[in-house]
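Visitor: First the structure, which I've put down as structure tokens, then a few questions once you've had a look.
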Amino acid sequence: MRLLQSITGQCRPVLLRALGRRYLAAASTEEYAKRNYASNVSEYNTVLNSLNAQRRHFLLRDVYDDMMLDGVQPDQDTFKSLILGTMKGSSLQDAFYFADQMKNMGLAPDVNSYNILITLCGKCKHSDKAIQILEDMKKFDVKPKVQTYMCLLNACAATGHLDRVYAIVRDMTAAGLGLNKFCYAALITALRNKTPLPDDFGTKIIEFVERSKEWTSVEESSMTAENVMMDITEEELYNMPTAEYARRRGFLNRQLTVYHAALHACADLRNVEVMEALLGMLEKDGKTPDLFIVMQKMRCYLQSGDIDRGLKTFDDYMKSGNLPAVELYTMLVEGAMIGHTPKGMQIAQETLVNMTSRNFYLSPKMGSDLLLAAAGDETGGYTVANYIWDLMQARNIIPQFPAVEAYYKGLKKREIPGDDPRLLVVTRTYDDLLARRGPRRPSR
């Protein structure tokens with residue numbers, strides 16, 4: 001396999017541990033050089049950056065191990081790429097491993113690396129570790145920036161530590177720092193994640209959205225040149241619910257960041273009343289909902305069991321002439337399948353057919369999520385699950401194991417002949433995926 005060709009465009013092969021450990025017993029130095037894919041720190045850094053760009057974060061640890069085997073000394077740029085990749089890949093254990101390795105080699109993380117570590121802690125719901133990182137910065141005489149406290153604010157918000165969030169806000173205002181849109185978004189997220197949910201949730205959400213309109217700052221953005229060079233958006237750095245859409249053209253109006261956080265929280269909590277109040281405020285402000293807001297409106301209705309208004313939201317958007325997106329279709333399909341009612345499953349089927357006719361296709365994750373949801377239909381004809389499976393088969397996509405397992409078990413519960421072609425293919429796929437998971441996994 002020539003993995004490096006897909007990473008850097010060069011021709012030398014790379015075999016990382018995930019694919020089978022690189023063979024080191026080359027007969028000669030020349031033969032070894034041909035097998036090797038990087039020979040110095042600069043080449044290794046290029047490979048790491050390429051893996052990050054391709055979102056193949058699971059290979060970062062393998063590349064680092066290869067560096068150690070080759071006796072190549074990592075530099076600051078190496079560890080920056082490794083820590084950034086672990087953040088994007090949500091690998092907390094690897095992140096702290098690389099940070100420790102960095103310190104052991106006498107290379108102290110800079111403030112930007114610490115910021116990313118704090119962000120990762122929030123992403124993985126470990127706000128206590130985020131607080132420890134701030135203490136670690138003081139220990140190594142690394143001065144926190146405003147961005148550091150904003151990362152910490154959002155990390156604490158992710159775990160619903162409302163008291164900590166309020167304390168950080170007080171410290172920031174006492175230091176003369178104004179609260180920007182990401183700070184207000186963090187306050188909303190903290191409320192949403194607080195357990196139990198505060199009784200005044202709706203009132204507070206609306207209050208924070210109103211107060212965010214008063215925000216003025218000399219700097220419109222908190223991005224630094226370092227963040228730009230590391231190819232990380234503010235939405236990613238602060239764990240916004242819009243992070244995965246931040247690079248999508250025409251998806252987000254970044255002036256509506258606080259509305260994004262508020263409406264996302266309402267959809268999570270199925271709070272239609274507050275959601276509609278927020279949309280009224282948005283209209284009063286003379287703002288047009290962007291695609292993310294339309295999706296949250298639709299999700300809120302569907303999660304609340306109101307399929308009709310969810311479908312109407314979808315139809316209204318499609319008739320508006322605005323740019324459609326595959327996520328709009330998949331959100332309607334997934335929401336319509338809640339409860340597996342005959343009406344909902346029919347809407348899901350029709351939406352999938354409509355989506356396919358417009359040349360929108362399911363990604364492996366989207367298809368796996370929808371197949372898992374559709375496989376839970378215990379009384380229907382399994383039409384939707386079969387159709388999703390067929391769509392993925394047509395594009396040679398193998399769903400993730402939980403989806404295949406649920407679909408396989410659903411088929412087995414139905415009166416299907418043992419030699420049915422569909423059942424044979426699903427059984428073979430299930431057995432193959434099960435074997436890859438190893439003996440620790442439960443068998444069927």
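Visitor: Could you let me know the centre-to-centre spacing of segment 359-408 and segment 135-187, using Cα atoms, in angstrom?
Guide: Taking the Cα centre of segment 135-187 as reference, the centre of segment 359-408 is 42 Å away.
Visitor: Moving to a separate point now. Which part of segment 379-400 falls in the paramagnetic zone of residue 420, meaning amide N under 18 Å from the point 7 Å along Cα-to-beta-carbon?
Guide: Residues passing the 18 Å test: 379-393.
Visitor: Could you identify which residue out of 329, 149, 408 has the top mean-square fluctuation in a GNM of the chain using Cα springs shorter than 10 Å?
Guide: 408
Visitor: OK, next. Just to confirm a number: summing +1 for Lys and Arg and -1 for Asp and Glu over residues other than residue 179 whose beta-carbon lies under 10 angstrom from that of residue 179, what do you get?
Guide: Surrounding charge for residue 179 is +1.
Visitor: What 222 nm value per residue comes from the helices of the chain, counting each DSSP H run with n ≥ 4 as -39,500 (n - 2.57) and dividing by all residues, nearest 500 deg cm²/dmol?
Guide: -19500 deg cm²/dmol
Visitor: Past the 25 Å Cα-Cα mark, which pairs from 129/194; 123/365; 123/181; 80/139; 204/297; 123/409?
Guide: Too far apart for the 25 Å limit: 123/409.
Visitor: Excluding ligands and nucleic acids, what accessible area in Å² is computed for residue 276 using a 1.4 Å probe, to the nearest 10?
Guide: Rounded to the nearest 10, that gives 70 Å².
Visitor: Once label points are set 7 Å from the Cα along Cα→Cβ at both residue 103 and residue 400, what is their separation, rounded to one decimal in nm?
Guide: Using points 7 Å along Cα→Cβ, the separation is 3.2 nm.
Visitor: Further, regarding this structure: On the first, second and third principal axes, largest extent first, how far apart are the outermost C-alpha atoms of segment 324-438 in Å?
Guide: Projected onto its principal axes, the Cα set of segment 324-438 covers 40, 27, 22 Å.
Visitor: Starting from the residue with the highest accessible area, list 333, 425 in decreasing order, probe 1.4 Å.
Guide: So, going from the largest accessible area down, we get 425, 333.
Visitor: Using a 1.4 Å probe and ignoring any ligands, DNA or RNA, find the accessible area of residue 304 and quote it in Å² to the nearest 10.
Guide: Rounded to the nearest 10, that gives 50 Å².
Visitor: Roughly how many debye, to the nearest 20, is the charge dipole of the chain about its Cα centre, given +1 on each Lys and Arg Cβ, -1 on each Asp and Glu Cβ, and no other charges?
Guide: Roughly 860 debye for the chain.
Visitor: Which one of 349, 333, 362 has its Cα pushed farthest toward the positive end of the charge dipole of segment 332-444, where Lys and Arg give +1 and Asp and Glu give -1 at the Cβ?
Guide: Toward the positive end, the furthest listed residue is 362.
Visitor: Note the listed values [x] 37, 36, 18; [y] 40, 25, 23; [z] 35, 29, 19, then indicate which one is semi-axes √(5λ) of the Cα gyration tensor in Å calculated from this particular structure.
Guide: From the options [x] 37, 36, 18; [y] 40, 25, 23; [z] 35, 29, 19, the structure gives [x].
Visitor: Ordering 390, 62 by how much accessible area each has at a 1.4 Å probe, largest first, what is the list?
Guide: Order by accessible area, largest first: 390, 62.
Visitor: If you don't mind, another one. Please work out the FRET efficiency for the pair residue 166 and residue 145, using the Cβ-Cβ distance as r and a Förster radius of 30 Å; give the result to the nearest 0.05.
Guide: 0.90
Visitor: Would you rank 252, 197, 370 by solvent-accessible area, highest first, keeping every protein chain in place and using a 1.4 Å probe?
Guide: Ranked from most to least accessible, the order is 197, 252, 370.
Visitor: Calculate the length of the line joining the C-alpha centroid of segment 300-325 to that of segment 241-263, in whole Å.
Guide: Each part reduced to its Cα centre gives a spacing of 18 Å.
Visitor: Using the alpha carbon gyration tensor of segment 266-395, what are the three equivalent-ellipsoid semi-axes (square root of 5 times each eigenvalue), largest first, in whole Å?
Guide: Sorted largest first and rounded, they come to 27, 17, 11 Å.
Visitor: By how many nm would the segment from residue 174 to residue 383 lengthen if fully extended, with 0.36 nm per residue of separation less the alpha-carbon distance?
Guide: 69.2 nm
Visitor: Mind giving me the FRET efficiency for residue 412 and residue 316? R0 is 45 Å, r the Cβ-Cβ distance, nearest 0.05 is fine.
Guide: The value I calculate is 0.65.
The values are calculated or read from the model by the stated rules, or taken from the named source; none is laboratory data. All values derive from a computational prediction rather than experimental measurement. With ideal geometry, Cβ positions are generated from the backbone for all residues, glycine too; neighbour counts draw on all protein chains shown. Accessible surface areas use protein heavy atoms only, side chains included; no ligands, DNA or RNA. Shrake-Rupley method; radii C 1.70, N 1.55, O 1.52, S 1.80 Å.
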